[in-house]
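Here the structure comes first, spelled out in structure tokens, and everything after it is commentary.
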Amino acid sequence: MSDGQLTFGLEETNHSGLPVPSDPTLWVKSVAVYSAWDPDALLRKIDLRKGLNVLWAEPGEEGFAGHAAGKTVFCRLIRYLLGDGNFGKDAFCDSLRRKFPEAWLVGEVHVNSTPWLVARFLGIGRKQDWAVRDATFYSDFADEEQLPFTDFSQCVEDATMSSLPTRKLLDGSEDYAWRHLLPWLSRDQEARYADLSRWRSSLSESDTTSDVSKLDRLNLIRSVLGLLSEEEQQALQEHQRLLKNQRQARDEIPKLDFGAMRDRERFIEEAGIDGDEAMPGEFFIEQAKVTLKQLEEDCHGLASELEEDQRTAQALDLRELDREIDQLAERLVEHRRFRDRCRLQLSRLRGRVKEADYAERIVKLMPDGGSCAVPVAEAQGIGCPLACASPQDENPVEALNAARDRAVKQIKAWDLEMRKLKKQRASMKASAKKAQREHQLANKHLVNRKLRLRTLETLYHNVTGAMDAAASLTIELDRLEGAIAQSQQLIRELREQATKSGSSFSGCFERIIQFLLSTDVEARVDLKGRDIKPEIQFHGDLTSAAIETIKILAFDLACVEFGSQGEGFHPRWLLHDSPREADLASHLYRRLFQYAIDLEAMRPEEEPNFQYIITTTEAPPKSVATAGALLSPVLDATSSELRLLGVDL
């Protein structure tokens, strides 16, 4: 035996020799659990049939004998075989893995009359789940024929979902898939069969990643029954869109009103105007406009004053005065040197300076640029070295004294003028600094006013924007209410059409209810509203916990019968886990079994085209065993050998 292949070595049985009848879209023929990948490691194998299949856990003398025997585990394993996310509660899974760390679940599932051998790992760690097409427990197959489990899942998906008239969920995010349908066809026992659209319970620790909204679950039922048209689905999607927009508008308007009130309070506080948050909107807008206009005018006035200050500052420009002072200083330097040259020459003429000293000192008194501002004739008259090319005056001492005196007089005049200029400059500088400080203060004040203006403008636009948006949404709400009313009317009309088409389904439901309860009761399924309402009437509406359970069981079975008649798109496969636990009277429970047997008898020449699996602690009627619908073995929790897996975990 190869690592991948498991040859079971069983003999094929139950061949009737009759032509193959039409099958359920999907049905389970065998379920087996192995403690390891070995034919001899079989813990339990249960063979099933088309039609009714009853797994009985006999209560026995001990009150608990029928409980904890493995009925729910059996259902969870079948669900897992068909693609459910887990195979039991965490406590059970942990116990199984500790006891059998290499356990495997193997089953034979028929999809559109094609058998698949499916294997899923139950042990510790990860091993590849796989499936083989056109294979049974009695087939030999090569390793390369093993396909990923996802191939089997896709086959089930295509067989059960592709023919639905509409597959989109209401939000349009995805299509209905097998993972959405399986929970309806295999309700959690913990859900207590208390709500038609409640398929899973948190108490079961089932995989709920595929759960959808209640409305989507109800629409899935309608679609499976062929009672949801594409037009109605589009109308429902449009209705949901309108309702969503209505909710958003209703949520948004109070937020906008609050934002407008908050920003209005801030505006009133920032602007310092008389008013409060209760100020009427239109009055506030008028007050705000006046405030903003006044503030804009203030900013324009301040800007004009700043321009005037700028012109004043320009008038106090010190650069021209500094140039005049610099020029006067240069002339003073030249005349002082000229004066000193005159004195040096006088000293030379009077013999007070030696020629060598004179030559050295006269060089230092020469102008930097090689010329000075002293008139040439005057310089020649005193024998200035710069004017040596011309003859000197005949009386140089007198000429030098006169030139010196004129230079001294000019120097004094210019010194006086220099002091006046410097005093004027000091005064202008002080005025310029004052003007600069005032300009800076005024500019800062203008900036603050502009910032305040911008803040108030922002608050004003926030308030008016929020008020306009709230007003627009209020108008939109009125429009949405009208559109929603029209949408509801359209859906009602489409539902009425579907109700007419679904009258035969309602007839199936009534037949089952009358079989279970009495022919004196009336029953129907109300399909007109958003909900699906199975109703039972006898001198008024009948309702109780047990009656609600009966409604759900009858509804599910009616869906199977409806599909077996060629109506709708039901896969004609159903799994009910211990509905008797939901406070259902025992005689009603036995009638449920009998109805399923009678449903098989409706095709006396053919095998049933449905599969209904049900677990129970209530003793089934003898007709169940007679029909071959009682599964083997009968479970008993008081004996480890008669527990589902044949051992205590």
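The values are calculated or read from the model by the stated rules, or taken from the named source; none is laboratory data. Not measured: the values here are computed from a predicted model. We place every Cβ from the backbone using ideal geometry, glycine too, and count neighbours over all the protein chains shown. Side chains included, ligands, DNA and RNA excluded: accessible areas come from the protein's heavy atoms. Shrake-Rupley method; radii C 1.70, N 1.55, O 1.52, S 1.80 Å.
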### Query
Straight-line reach from K29: which lysines have a Cα under 28 Å away, not including same-chain ones fewer than 8 places off?
K45, K50, K71, K89, K99, K127, K622
### Query
In terms of modelled amide H atoms, which long-range or inter-chain residues lie less than 5 Å from the amide H of S30?
L48, E108
### Query
Can you give the accessible area of E286, probe radius 1.4 Å, in Å² rounded to 10?
100 Å²
### Task
Please work out, to two decimal places, the log10 of the ratio I(q)/I(0) at q = 0.13, 0.20, 0.23 Å⁻¹ from a Debye calculation in which every Cα of region 40-143 carries one identical scatterer.
-0.57, -1.22, -1.44
### Task
Please get the size of the charge dipole for the chain, origin at its Cα centre, with Cβ charges of +1 on Lys and Arg and -1 on Asp and Glu, quoted in debye to the nearest 20.
5200 debye
### Query
Where the centre of each part is set by its Cα atoms, how far does region 527-592 sit from region 183-210, in angstrom?
15 Å
### Task
Once you have the Cα-Cα distance between D257 and D195, take 0.36 nm times their residue separation minus that, and quote the gain in nm to one decimal.
18.2 nm
### Query
Hey, if you put +1 on the Cβ of every Lys and Arg and -1 on every Asp and Glu Cβ in the chain, which of H587, H180, P534 ends up farthest toward the positive end of that dipole?
H180
#### Entry: Equivalent-ellipsoid semi-axes of region 583-633, from the Cα gyration tensor, Å, largest first
20, 12, 10
### Query
Can you give the Rg to Rh ratio of region 430-547, both from alpha-carbon atoms, with Rh computed by the Kirkwood formula?
1.68
### Average Cα contact separation per residue, the chain, under 8 Å, 6 or more apart, as relative contact order %
25 percent
### Task
Would you list which lysines come within 23 Å of K409, measuring only between C-alpha atoms, while excluding same-chain residues fewer than 8 positions from it?
K364, K420, K422, K423
### Summary
Here, A545 and S518, labelled 7 Å along Cα→Cβ, have an inter-label distance in nm of 2.4 nm
### Summary
Contour minus Cα-Cα span, E605 to D648, at 0.36 nm per residue, comes to 11.1 nm
### Query
Magnitude of the Cβ-charge dipole of region 487-566, K/R +1 and D/E -1, about the Cα centre, nearest 20 debye?
260 debye
## Note on the structure
Cross-link reach from K450 to lysines, straight Cα distance under 20 Å and at least 8 residues apart if same chain, gives K289, K293
#### Entry: Solvent-accessible surface ranking, highest first, for D577, D468 at 1.4 angstrom
D468, D577
### Task
Out of all DSSP beta bridges with both ends in the chain, state the antiparallel percent to the nearest 5.
70 percent
### Message
Please list, ordered by chain and number, the residues whose modelled amide H lies under 5 Å from the amide H of L52; skip anything fewer than 5 residues away on the same chain.
### Response
Y612
### Task
Rank these by accessible area, largest first, 1.4 Å probe: S578, S210, S22.
S22, S210, S578
### Task
Express the relative contact order of region 55-153 as a whole percentage, based on alpha carbon pairs under 8 Å and six or more residues apart in sequence.
17 percent
### Query
What dipole magnitude, in Debye to the nearest 20, does region 424-468 give about its Cα centre under +1 on Lys/Arg Cβ and -1 on Asp/Glu Cβ?
580 debye
### Positive-pole candidate from A596, I484, P571, dipole of the chain, charges at beta carbon
I484
### Query
To the nearest 0.05, how large is the calculated FRET efficiency for N86 and H461 if R₀ is 60 Å and r is the Cβ-Cβ distance?
0.60
### Message
Only helices at least 24 Å long along their own axis, judged from Cα atoms, and with Kyte-Doolittle mean hydropathy of 1.0 or greater: name those in the chain from DSSP H.
### Response
545-564
### Task
For an R0 of 41 angstrom, estimate the FRET efficiency from the Cβ-Cβ distance between R419 and A303 and round to the nearest 0.05.
0.50
### Query
Once label points are set 7 Å from the Cα along Cα→Cβ at both S504 and D171, what is their separation, rounded to one decimal in nm?
3.7 nm
### Message
Here are a few candidate values for log10 I(q)/I(0) by the Debye sum over Cα atoms at q = 0.06 Å⁻¹: (i) -0.56; (ii) -0.36; (iii) -0.31. Which one was actually calculated from the structure I just gave you?
### Response
(i)
### Message
Taking 35 Å as R0, compute the FRET efficiency from the Cβ-Cβ separation of A471 and K528 and round it to 0.05.
### Response
0.40
#### Entry: Theoretical ellipticity at 222 nm over the chain - DSSP helices of four or more residues, -39500 (n - 2.57) apiece, nearest 500
-18000 deg cm²/dmol
### Query
Can you give the extra length, in nm with one decimal, that the chain gains between S139 and A41 once fully stretched, where that is 0.36 nm per residue apart less the Cα-Cα distance?
33.4 nm
### Summary
Using the Kirkwood radius over Cα pairs of region 443-490, the Stokes-Einstein translational diffusion coefficient at 25 °C and 0.890 mPa s, in µm²/s and rounded to a whole number, is 180 µm²/s
